[in-house]
Every structure is written in C-alpha cells, then in structure tokens.
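Written below as structure tokens is the structure these notes are about.
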Amino acid sequence: MTGRQLAAQATRTKLLRAGKTIICQKGLEHTSVEEITEAAGVSKGTFYTYFRRKEDIVFELSRGMFGEILAEAKSFPGTFPEKLAHYMSEFSGYIQQGSVRLAQEWVKGAAFPADCREKTDRGKLAEDLRDMEELIRYGMKQGMLREDTPAGILAHTFVDLLYGQLLCWCMSDGSYSLKERTEEFCAEYLEDLLKDYVCG
C-alpha cells in the first residue's frame, strides 16, 4: 500500500470514529457532517471524498468486523453448536459494543429507507444470511453436520433470531445485555434446534 493510500485509509478511519462517537451521543438526526469533520480534524469537503451522506457512516459501521467473527467461529474449537453459539454471541456482542443508539439508527435506516432517501442498508441482511449459510456449509464440509442439512433454511432461521433479538434490545433502549441474552438463548436452545442435523 502506498503512502497516499495509507493516508486515505487513516482519514476514512478518523471520520468513521468521529461519526460513531457523535451519532451515539446525539443520534443521526441531530448530527451534522460539519460536526463529524470538525471532530475528525478534516475539512467538510474531505467527508464527501469518502462518503456520500452521513447515513453511510452508520451503514459502514454496521458491517464492522463481521467477516472476522465468521472466521473466528470456523476456527473455534468444539462442536458445531459451540461454533454457532460463538458466532451468534460475538455477533450480538459487537453490536452491543457499538451502542444501542447506533443500533437504533441502523434499524431505522434499514427498516424505513424512505427516511434515508437514496441509500439503504438492505444489503446487510443478505450479507448476514450469506455468512450464516457459509458457517453451516462449513460444518457440513467438516463432517459436523449431515450432508442433507437444509443450510439455507437454517441460515434464515438463525439470522431471523439474531435480528429479532436486536430489534427487541433496541426497543428496550438497551436495558439488558444483548450478548448475554444471545448466550442464554444459545445455551438453552441450539442443541435442540440442531439435533436432527449434528453428526455423531
């Protein structure tokens, strides 16, 4: 990577961090591009080199490190239900770490795209479904799940559960730990949900 590319990456990271801090404090609606650029120490015009609108910050942050969480789940030692539990709890934990305010802004933008005019983050759902199905197919390839496991159906089921928990957490204004709730769900139900598909 060239020096210019490294500098561009550093500037983009500063904008994302500044945007996250301010949006978590004030909400997206009450945050201006000027506030983000001032906090990042760059000009307003620089913002538009990297993002089209302030909503893009929320969409970008929503993706975060989910690819790394998938890779960690694949290498996590143990049974497939344990790998899946790790994925689901880390997924929820990363969202919780970003703050309930940021999650609420993301849900609003994804659920009510008209409020965000041009850009929506409906692609995030497709990415999460793809990642979940990839993890299930990995389990099948490793001989941890039966070959006839309905990977697509299970992927939708588990992502529906994660998104449902996310929505309830947002509606509660973060009154409990999303990660702990996900861990409780996994400990109580994953073995039963997967019992017909786990090998051995």
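The values are calculated or read from the model by the stated rules, or taken from the named source; none is laboratory data. Just so you know, these numbers come straight off a predicted model, no measurement behind them. We work out accessible area using only protein heavy atoms, side chains counted, and drop any ligands, DNA or RNA first. Shrake-Rupley method; radii C 1.70, N 1.55, O 1.52, S 1.80 Å.
Could you check, for region 23-36, whether at least one of its residues is among the hydroxyl-bearing types (Ser, Thr, Tyr) and open to solvent by 70 Å² or more (accessible area, probe 1.4 Å)?
Step one: of region 23-36, the residues among the hydroxyl-bearing types (Ser, Thr, Tyr) are 31-32.
Of the ones still in play, those that are also open to solvent by 70 Å² or more (accessible area, probe 1.4 Å) are none.
No, region 23-36 contains no residue that is among the hydroxyl-bearing types (Ser, Thr, Tyr) and open to solvent by 70 Å² or more (accessible area, probe 1.4 Å).
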Could you name every one of the helices (runs of 4 or more DSSP H) located completely within region 33-118 that has at least 3 residues being modelled with pLDDT under 90?
55-63, 66-75, 80-98, 100-111
